[in-house]
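Chemist: One structure is given below, represented as structure tokens, and several questions about it will come after.
The values are calculated or read from the model by the stated rules, or taken from the named source; none is laboratory data. Every value quoted in this text rests on a predicted model; they were computed, and no experiment measured them. With ideal geometry, Cβ positions are generated from the backbone for all residues, glycine too; neighbour counts draw on all protein chains shown.
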Amino acid sequence: MAHGRVSPSREGSGPTIVFGYTGYSNARFGRIECHEAINAYARDILVRTMEIAESHGYEVVHGIVDSVWLRPKPGTDPIEKVREHIAGSIGLPIELEGRYKWIVFLPCKTTGVGALNRYYGLFENDEFKLRGIELRKHDTPEFINIAQEAMLGELSHASTAAEFRERIPRAIDVLRWTAKRVLDRAIPVNAFILTKSVSRALPEYVVLTATAAALKQMEKRGFRVEPGEMIRYVLLDAKARDSERKVRVAEFLQGDEAPDAWEYIRLLCRAGQTLLAPFGYTELKLLEMCKDLGGVSMPSSDAGIHVQEDYKSRGHSRARGGVGYKRPWTVIEVEDAPSEIPEEL
């Protein structure tokens, strides 16, 4: 299940290719013909790279605008030889980013087709690379980030595809245990804060969405939030039609609020689906698995659910060059394990 990723080097004098922006209708120097030409060159370079890799005995697993993932077959040439061949052929400096123990490419949430920029994988040096998952986003409630980190902690003990599949039930145990803590009101309310970008002015909202309800609260207290700005709130009752009962803006929290437990469990299961969708675990299936939590207990000692404060990245990498980050957890003994998600969230 090990993969290698080859990508153009960030160092050296190779040209920098800017794609996409030239086709943007409001770009100052936008030109669709230029955009098309850039993409034509990019496709040609990618196809040539794939052909070279295959000629050396490698299987191309995935490729995007600046990278390809390769799986070695028996008797393949050394990867350094492949790298030099590609660099010499396309005229760009190429670097080997790393070797994976395993990597999971995720489907697009809307179409189900494989997405180009959503994946997670574990390098041989135990450094994760994460793209397009909740842990990399700024709007995810902190307890969901912790749960997703802990699920990755379970999966990180796998070194092969078979071992990875064996660890999936243990990762689900982490999710179910977290759902139980939500229902038990054992997580501090500030760990439920959602961060959303305001897309329109308050009068433009036709339906009382959670964001609209939060804007109403802000306006009622004399604060104006403009489109493009961020607003933070806790969801109290997703079905409520009154703004004060629906949400509570983060700045107005008293600490004794009761979040909408099942709405947050749904969001938790959505984060679980993000990691496990390729293995048949949908949001609905995980939600059903959370309906009966009577026998759920804290995961075993090697679950890695104790997240160190200094590794809570909030989507920002702590590793080299923004590639990924080291395991953001510690393995602890059962007797030393905290009984709930840390209060310092």
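Chemist: Here are some residues: 78, 72. Which one is loosely packed, with under 12 Cβ neighbours inside 10 Å and either at pLDDT 90 or above or touching an Asp or Glu at 6+ places or on another chain (Cβ under 7 Å) (or both)?
Modeler: 78
Chemist: Looking only at helices (runs of 4 or more DSSP H) that lie completely in segment 205-277, which have at least 3 residues being of a type in the set (Gly, Ala, Ser)?
Modeler: 210-220, 261-276
Chemist: Within segment 291-306, is there a residue that is surrounded by 12 or more Cβ atoms within 10 Å (Cβ to Cβ), at pLDDT below 95, of a type outside the set (A, V, I, L, M) and in contact with a Pro (Cβ under 7 Å, 6 or more places away or on another chain)?
Modeler: There is at least one residue in segment 291-306 that is surrounded by 12 or more Cβ atoms within 10 Å (Cβ to Cβ), at pLDDT below 95, of a type outside the set (A, V, I, L, M) and in contact with a Pro (Cβ under 7 Å, 6 or more places away or on another chain).
Chemist: Would you check if there is a residue in segment 136-157 being without any contact (Cβ under 8 Å) to a residue 24 or more places away in the chain and either at negative phi or out of contact with any Gly (no Cβ under 6 Å at 6 or more places or on another chain) (or both)?
Modeler: Within segment 136-157 (the criterion being without any contact (Cβ under 8 Å) to a residue 24 or more places away in the chain and either at negative phi or out of contact with any Gly (no Cβ under 6 Å at 6 or more places or on another chain) (or both)), the answer is no, since none of the residues qualifies.
Results for (1) surrounded by 17 or more Cβ atoms within 10 Å (Cβ to Cβ); (2) of a type in the set (A, V, I, L, M, F, W, C); (3) touching an Asp or Glu at 6+ places or on another chain (Cβ under 7 Å); (4) at pLDDT 95 or above, shown as yes or no for each residue.
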position: 185; (1), (2), (3), (4): no, no, no, no
position: 205; (1), (2), (3), (4): no, no, no, no
position: 223; (1), (2), (3), (4): no, yes, no, no
position: 227; (1), (2), (3), (4): no, no, no, no
position: 234; (1), (2), (3), (4): yes, yes, yes, yes
position: 248; (1), (2), (3), (4): yes, no, yes, yes
position: 254; (1), (2), (3), (4): no, no, no, no
position: 259; (1), (2), (3), (4): yes, no, no, yes
